[in-house]
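A short worksheet on the structure shown next.
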Amino acid sequence: MTTRSAESPELVALLAGRRVAVLTGAGMSTDSGIPDYRGPDSPPSNPMTIRQFTSDPVFRQRYWARNHVGWRHMHDTLPNAGHRSLAALEDSGVVTGVITQNVDLLHTKAGSQNVINLHGTYAQVVCLSCAHTMSRAALAEQLEALNPGFVERAEAIGGLAVAPDADAVITDTASFRYLDCPRCAGMLKPDIVYFGENVPKDTVAQAYSLLDQSEALLVAGSSLTVFSGYRFVRHAAALKIPVAIINRGPTRGDDLATVKVDGGCSELLTLLATELTATALR
Ligand SMILES: [Zn+2]
(Lines give C-alpha, C1' and ligand atoms only; values in the text may rest on other atoms or scores of the structure.)
Protein backbone atom coordinates (compact mmCIF):
# COMPACT_ATOMS: atom_id res chain seq x y z
CA MET A 1 0.00 0.00 0.00
CA THR A 2 1.12 3.57 -0.66
CA THR A 3 0.32 6.23 1.91
CA ARG A 4 0.93 9.96 2.12
CA SER A 5 -0.05 10.45 5.74
CA ALA A 6 2.38 12.59 7.71
CA GLU A 7 1.90 10.23 10.65
CA SER A 8 2.28 7.02 8.66
CA PRO A 9 0.87 4.60 11.25
CA GLU A 10 1.36 1.70 8.81
CA LEU A 11 5.09 2.44 8.57
CA VAL A 12 5.52 2.64 12.34
CA ALA A 13 3.43 -0.50 12.91
CA LEU A 14 5.41 -2.49 10.35
CA LEU A 15 8.84 -1.65 11.80
CA ALA A 16 7.98 -1.62 15.53
CA GLY A 17 9.74 -4.40 17.43
CA ARG A 18 11.90 -5.41 14.45
CA ARG A 19 15.64 -5.08 13.87
CA VAL A 20 15.84 -2.95 10.75
CA ALA A 21 18.50 -2.76 8.03
CA VAL A 22 18.37 0.51 6.09
CA LEU A 23 19.23 1.22 2.45
CA THR A 24 19.66 4.89 1.56
CA GLY A 25 20.02 6.82 -1.69
CA ALA A 26 20.34 10.36 -2.99
CA GLY A 27 16.96 11.48 -1.60
CA MET A 28 18.50 11.13 1.86
CA SER A 29 20.95 13.98 1.25
CA THR A 30 18.82 16.51 -0.65
CA ASP A 31 18.01 18.29 2.64
CA SER A 32 21.77 18.69 3.13
CA GLY A 33 21.95 20.57 -0.17
CA ILE A 34 23.23 17.75 -2.40
CA PRO A 35 20.94 17.52 -5.46
CA ASP A 36 19.33 14.20 -6.39
CA TYR A 37 19.80 13.76 -10.11
CA ARG A 38 17.06 11.12 -10.23
CA GLY A 39 14.51 12.90 -8.06
CA PRO A 40 11.16 14.01 -9.45
CA ASP A 41 12.18 17.69 -9.51
CA SER A 42 15.66 17.23 -10.94
CA PRO A 43 16.93 18.13 -14.40
CA PRO A 44 18.01 15.22 -16.60
CA SER A 45 21.74 14.58 -16.57
CA ASN A 46 24.26 12.26 -18.15
CA PRO A 47 26.24 10.55 -15.42
CA MET A 48 29.88 9.82 -16.15
CA THR A 49 30.76 6.29 -17.21
CA ILE A 50 33.97 4.56 -16.23
CA ARG A 51 34.76 4.06 -19.93
CA GLN A 52 34.70 7.82 -20.59
CA PHE A 53 37.05 8.34 -17.66
CA THR A 54 39.63 5.72 -18.61
CA SER A 55 39.64 6.22 -22.38
CA ASP A 56 39.92 10.00 -22.71
CA PRO A 57 42.68 12.16 -21.10
CA VAL A 58 40.79 15.37 -21.93
CA PHE A 59 37.72 13.99 -20.17
CA ARG A 60 39.91 13.12 -17.14
CA GLN A 61 41.42 16.60 -17.11
CA ARG A 62 37.95 18.16 -17.09
CA TYR A 63 36.78 15.68 -14.49
CA TRP A 64 39.64 16.43 -12.08
CA ALA A 65 39.32 20.18 -12.58
CA ARG A 66 35.66 20.06 -11.60
CA ASN A 67 36.30 17.60 -8.81
CA HIS A 68 39.10 19.81 -7.43
CA VAL A 69 36.51 22.53 -6.86
CA GLY A 70 33.53 20.30 -6.09
CA TRP A 71 34.93 17.90 -3.53
CA ARG A 72 35.48 20.56 -0.85
CA HIS A 73 31.81 21.52 -1.03
CA MET A 74 30.91 17.93 -0.33
CA HIS A 75 33.56 17.87 2.41
CA ASP A 76 31.80 20.84 4.10
CA THR A 77 28.28 19.40 3.78
CA LEU A 78 26.52 18.60 7.06
CA PRO A 79 24.15 15.72 7.90
CA ASN A 80 20.44 16.49 8.24
CA ALA A 81 17.68 15.34 10.61
CA GLY A 82 17.22 12.12 8.61
CA HIS A 83 20.86 11.08 9.05
CA ARG A 84 20.73 11.97 12.76
CA SER A 85 17.54 9.96 13.22
CA LEU A 86 19.10 6.82 11.72
CA ALA A 87 22.14 7.23 14.00
CA ALA A 88 19.79 7.53 17.01
CA LEU A 89 17.86 4.43 15.89
CA GLU A 90 21.12 2.46 15.66
CA ASP A 91 22.06 3.69 19.15
CA SER A 92 18.80 2.38 20.55
CA GLY A 93 19.24 -1.01 18.88
CA VAL A 94 16.50 -0.67 16.28
CA VAL A 95 18.70 -0.14 13.21
CA THR A 96 21.28 -2.87 12.53
CA GLY A 97 23.22 -0.82 10.00
CA VAL A 98 23.00 1.42 6.95
CA ILE A 99 23.77 0.37 3.39
CA THR A 100 24.15 3.58 1.39
CA GLN A 101 24.42 4.41 -2.29
CA ASN A 102 25.65 7.89 -1.33
CA VAL A 103 29.35 8.76 -1.38
CA ASP A 104 28.96 11.82 0.89
CA LEU A 105 29.83 10.17 4.26
CA LEU A 106 26.92 11.99 5.91
CA HIS A 107 25.76 8.87 7.82
CA THR A 108 29.22 8.57 9.38
CA LYS A 109 29.30 12.31 10.12
CA ALA A 110 25.91 11.96 11.86
CA GLY A 111 27.25 9.21 14.13
CA SER A 112 26.11 5.98 12.45
CA GLN A 113 28.62 3.22 13.30
CA ASN A 114 27.76 0.38 10.94
CA VAL A 115 27.78 1.98 7.48
CA ILE A 116 28.36 0.07 4.23
CA ASN A 117 29.38 2.53 1.51
CA LEU A 118 28.13 0.60 -1.50
CA HIS A 119 29.54 3.04 -4.04
CA GLY A 120 32.66 4.12 -2.12
CA THR A 121 33.20 7.65 -0.77
CA TYR A 122 34.36 11.00 -2.08
CA ALA A 123 37.10 11.10 0.57
CA GLN A 124 39.41 8.48 -0.96
CA VAL A 125 41.28 8.13 -4.25
CA VAL A 126 42.45 4.82 -5.75
CA CYS A 127 44.97 3.86 -8.46
CA LEU A 128 43.36 1.78 -11.20
CA SER A 129 46.65 -0.07 -11.86
CA CYS A 130 48.16 -0.91 -8.44
CA ALA A 131 45.17 -0.22 -6.11
CA HIS A 132 47.24 2.24 -4.05
CA THR A 133 44.86 4.51 -2.11
CA MET A 134 45.29 8.01 -0.76
CA SER A 135 42.96 10.48 0.92
CA ARG A 136 41.21 13.05 -1.23
CA ALA A 137 42.50 15.71 1.18
CA ALA A 138 46.13 14.70 0.54
CA LEU A 139 45.54 14.78 -3.22
CA ALA A 140 43.91 18.20 -2.85
CA GLU A 141 47.14 19.66 -1.44
CA GLN A 142 49.13 18.37 -4.41
CA LEU A 143 46.56 19.57 -6.95
CA GLU A 144 46.54 22.96 -5.25
CA ALA A 145 50.33 23.20 -5.63
CA LEU A 146 50.09 22.26 -9.33
CA ASN A 147 47.20 24.66 -10.01
CA PRO A 148 47.68 27.72 -7.80
CA GLY A 149 44.63 30.00 -7.72
CA PHE A 150 42.43 27.64 -9.77
CA VAL A 151 39.80 27.18 -7.07
CA GLU A 152 39.61 30.92 -6.41
CA ARG A 153 39.18 31.66 -10.13
CA ALA A 154 36.48 28.99 -10.45
CA GLU A 155 34.63 30.30 -7.41
CA ALA A 156 34.81 33.82 -8.86
CA ILE A 157 33.02 32.65 -12.02
CA GLY A 158 30.24 31.47 -9.71
CA GLY A 159 27.45 29.09 -10.65
CA LEU A 160 29.06 26.09 -8.96
CA ALA A 161 26.72 23.17 -8.49
CA VAL A 162 27.70 20.13 -6.49
CA ALA A 163 26.68 16.80 -7.97
CA PRO A 164 26.37 13.49 -6.08
CA ASP A 165 29.89 12.47 -7.15
CA ALA A 166 31.50 15.73 -5.98
CA ASP A 167 31.62 16.95 -9.56
CA ALA A 168 31.03 20.67 -10.07
CA VAL A 169 30.16 22.75 -13.09
CA ILE A 170 33.03 24.78 -14.50
CA THR A 171 33.90 25.52 -18.09
CA ASP A 172 37.51 26.71 -18.00
CA THR A 173 39.36 23.46 -17.39
CA ALA A 174 41.79 23.21 -20.32
CA SER A 175 44.76 24.48 -18.29
CA PHE A 176 44.22 22.16 -15.33
CA ARG A 177 47.07 19.80 -14.35
CA TYR A 178 46.08 16.52 -12.70
CA LEU A 179 48.16 13.78 -11.11
CA ASP A 180 48.91 10.12 -11.76
CA CYS A 181 49.63 7.50 -9.09
CA PRO A 182 52.72 8.48 -7.03
CA ARG A 183 53.69 4.78 -6.79
CA CYS A 184 53.26 3.41 -10.33
CA ALA A 185 52.16 6.38 -12.52
CA GLY A 186 48.85 4.59 -13.15
CA MET A 187 45.52 6.35 -13.45
CA LEU A 188 44.09 7.83 -10.23
CA LYS A 189 40.32 7.87 -9.77
CA PRO A 190 38.04 8.84 -6.90
CA ASP A 191 37.27 5.60 -5.03
CA ILE A 192 33.67 5.75 -6.20
CA VAL A 193 31.72 3.15 -8.21
CA TYR A 194 30.75 4.76 -11.51
CA PHE A 195 28.24 3.68 -14.12
CA GLY A 196 29.64 0.62 -15.85
CA GLU A 197 31.56 -0.51 -12.76
CA ASN A 198 30.56 -3.21 -10.29
CA VAL A 199 30.29 -2.81 -6.53
CA PRO A 200 33.22 -4.79 -4.98
CA LYS A 201 32.17 -8.38 -4.10
CA ASP A 202 33.18 -8.05 -0.43
CA THR A 203 31.02 -4.96 -0.04
CA VAL A 204 27.99 -6.71 -1.54
CA ALA A 205 28.58 -9.72 0.73
CA GLN A 206 28.72 -7.46 3.81
CA ALA A 207 25.44 -5.85 2.81
CA TYR A 208 23.70 -9.21 2.25
CA SER A 209 25.01 -10.38 5.62
CA LEU A 210 23.56 -7.29 7.34
CA LEU A 211 20.21 -8.04 5.74
CA ASP A 212 20.40 -11.71 6.81
CA GLN A 213 20.73 -10.54 10.45
CA SER A 214 17.79 -8.15 10.21
CA GLU A 215 14.02 -8.52 10.44
CA ALA A 216 13.01 -5.77 8.01
CA LEU A 217 14.46 -3.60 5.26
CA LEU A 218 13.76 0.13 5.20
CA VAL A 219 14.60 1.94 1.94
CA ALA A 220 14.97 5.73 2.34
CA GLY A 221 15.40 8.15 -0.53
CA SER A 222 16.19 5.82 -3.42
CA SER A 223 14.21 5.21 -6.58
CA LEU A 224 16.09 1.87 -6.79
CA THR A 225 16.79 2.53 -10.45
CA VAL A 226 20.20 0.87 -10.39
CA PHE A 227 20.59 -2.82 -9.64
CA SER A 228 23.27 -2.17 -6.98
CA GLY A 229 20.48 -1.09 -4.61
CA TYR A 230 17.46 -2.90 -6.06
CA ARG A 231 19.05 -6.32 -5.45
CA PHE A 232 18.71 -5.81 -1.66
CA VAL A 233 14.96 -5.35 -1.97
CA ARG A 234 14.84 -8.59 -3.95
CA HIS A 235 17.00 -10.28 -1.31
CA ALA A 236 14.68 -9.09 1.47
CA ALA A 237 11.69 -10.40 -0.48
CA ALA A 238 13.45 -13.76 -0.91
CA LEU A 239 14.12 -13.85 2.86
CA LYS A 240 10.41 -13.06 3.36
CA ILE A 241 11.20 -10.09 5.61
CA PRO A 242 9.03 -6.99 5.14
CA VAL A 243 10.21 -4.05 3.02
CA ALA A 244 9.22 -0.44 3.77
CA ILE A 245 10.03 2.34 1.31
CA ILE A 246 10.16 6.10 1.96
CA ASN A 247 10.69 8.06 -1.25
CA ARG A 248 9.38 11.05 -3.15
CA GLY A 249 7.93 9.50 -6.30
CA PRO A 250 7.65 5.90 -7.51
CA THR A 251 10.45 3.35 -7.11
CA ARG A 252 11.39 0.14 -8.90
CA GLY A 253 10.76 -1.73 -5.63
CA ASP A 254 7.18 -0.56 -5.00
CA ASP A 255 5.67 -3.91 -6.03
CA LEU A 256 7.81 -5.70 -3.42
CA ALA A 257 7.11 -3.21 -0.62
CA THR A 258 4.77 -4.00 2.27
CA VAL A 259 4.44 -0.28 2.96
CA LYS A 260 5.41 2.60 0.67
CA VAL A 261 5.30 6.18 1.92
CA ASP A 262 5.55 8.97 -0.62
CA GLY A 263 7.42 11.64 1.33
CA GLY A 264 10.69 13.18 2.48
CA CYS A 265 13.36 11.32 4.45
CA SER A 266 14.11 13.97 7.10
CA GLU A 267 10.50 14.28 8.20
CA LEU A 268 9.63 10.58 8.16
CA LEU A 269 12.85 9.31 9.71
CA THR A 270 12.47 11.86 12.51
CA LEU A 271 9.00 10.43 13.12
CA LEU A 272 10.36 6.87 13.10
CA ALA A 273 13.15 7.79 15.54
CA THR A 274 10.58 9.21 17.97
CA GLU A 275 8.10 6.35 17.64
CA LEU A 276 10.47 3.37 17.41
CA THR A 277 12.90 4.50 20.10
CA ALA A 278 9.93 4.76 22.49
CA THR A 279 8.79 1.26 21.47
CA ALA A 280 12.29 -0.17 21.91
CA LEU A 281 12.53 1.20 25.45
CA ARG A 282 9.13 -0.07 26.49
ZN1 LIG B 1 49.48 2.89 -8.84
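The values are calculated or read from the model by the stated rules, or taken from the named source; none is laboratory data. Treat the numbers as computed from the prediction; the structure is a model and nothing was measured. Cβ sites come from the backbone with ideal geometry, for glycine too, and all protein chains shown count toward neighbours. SASA here: full protein model, heavy atoms, side chains in, ligands and nucleic acids out. Shrake-Rupley method; radii C 1.70, N 1.55, O 1.52, S 1.80 Å.
Note on residue 109 and residue 128: the extension gain reaches 4.1 nm, defined as 0.36 nm multiplied by sequence separation minus the Cα-Cα distance. Taking label positions 7 Å along the Cα-Cβ direction at both residue 175 and residue 252, the computed distance is 4.3 nm, reported to one decimal.
Per residue, the chain exposes 46 Å² of solvent-accessible protein surface, assessed with a 1.4 angstrom probe and all protein chains in place.
By its C-alpha gyration tensor, with a ≥ b ≥ c as the square roots of the eigenvalues, how is the stretch 196-266 shaped: rounded for a/c under 1.5, else prolate for a/b larger than b/c, else oblate? Before the final figure, lay out each step's value.
Working: a/c = 1.94, a/b = 1.30, b/c = 1.49.
Here the stretch 196-266 falls in the oblate category.
For a modelled paramagnetic label at residue 201, 7 Å from Cα along Cα-to-Cβ, the residues of the stretch 96-118 in reach, with backbone nitrogen under 20 Å, are 117-118. The calculated 222 nm mean residue ellipticity attributable to helices in the chain amounts to -12000 deg cm²/dmol, summing -39500 (n - 2.57) over DSSP H runs of n ≥ 4 and dividing by all residues.
Taking the Cα centre of the chain as the origin, how large is its charge dipole in debye, to the nearest 20, when only Lys and Arg (+1) and Asp and Glu (-1) carry charge on their Cβ atoms?
Numbers: 24 positive and 28 negative charges, 111 e Å.
Charge dipole, the chain, about its Cα centre: 540 debye, nearest 20.
Which three numbers, in whole Å and largest first, are the semi-axes of the equivalent ellipsoid of the chain derived from its Cα gyration tensor as √(5λ)? Please report the intermediate quantities before stating the final value.
Working: eigenvalues 257, 72, 56 Å².
Computed over the chain, the values are 36, 19, 17 Å.
Summing charges over neighbours of residue 219, with a neighbour being any other residue whose Cβ is under 11 Å away from its Cβ, gives +1 when K and R count +1 and D and E count -1.
Total lysine pairs in the chain at Cα distances under 25 Å, for residues eight or more apart or on different chains: 4. Rg and Dmax, both from the Cα atoms of the stretch 46-131 and both in Å, are 15.9, 50.
Could you give the length gained by full extension between residue 153 and residue 208, i.e. 0.36 nm per residue of separation minus their alpha carbon distance, to one decimal place?
On the way: separation 55, 0.36 × 55 = 19.80 nm, distance 4.54 nm.
15.3 nm is the gain from fully extending residue 153 to residue 208.
Over the chain, what is the percentage of antiparallel beta bridges among all DSSP beta bridges, to the nearest 5? In the chain, DSSP labels about 25 percent of beta bridges as antiparallel.
Positive end of the dipole of the chain (Cβ unit charges, origin at the Cα centre): among 219, 82, 118, the Cα lying farthest that way belongs to 118. Using θ = phi - 60° in the Karplus curve 6.51 cos²θ - 1.76 cosθ + 1.60, the 3J(HN,Hα) couplings for the stretch 130-141 round to 10, 6, 4, 10, 8, 6, 5, 5, 5, 5, 4, 4 Hz; x is entered for Gly and Pro. Here the chain has 51 percent of its accessible surface on carbon and sulfur atoms, given a 1.4 Å probe and all protein chains in place.
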